[in-house]
Amino acid sequence: MQMRKFPRHVEGTLRHRDGEIFESPSGAARGVTGSSVNGWSFWKLDTAGNRGLNSLFNDYVDQTAADVDEDASEDDGDDEDDDA
């Protein structure tokens, strides 16, 4: 399968080289294949096709959750000043 490059156009959209703009990975995949496709698993991040866009998204979610957990653990829980 030939790798297709879809540059990011505006935050949250993808622009095909012919100028067509898609608002989701699935829309972009549908534009390329002509059929309904799950864009999160269709798009690959490397030429070997080993890592999909869904993997990048899952890493982002995991990191965001870790950041939230870290922020919560740094809270000392001292709310006594709030009552004054």
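Quick note: the coordinates plus some simple rules give every number you see, no bench work behind them. Quick caveat, the model's predicted, so the values are computed rather than measured. No Cβ is skipped: glycine too gets one built from the backbone with ideal geometry, and neighbour counts run over all protein chains shown.
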query = Which length gain, in nm to one decimal place, applies between Asp18 and Ala66 when the Cα-Cα distance is subtracted from 0.36 nm times their residue separation?
reply = 13.4 nm
key: About the Cα centre, charge dipole magnitude for the stretch 14-74 (Lys/Arg +1, Asp/Glu -1 at Cβ), debye   = 700
ask   = What ranking, highest mean first, results for peptides 22-33, 38-49, 57-68 when packing means the other Cβ atoms within 10 Å averaged over each residue?
value = 22-33, 38-49, 57-68
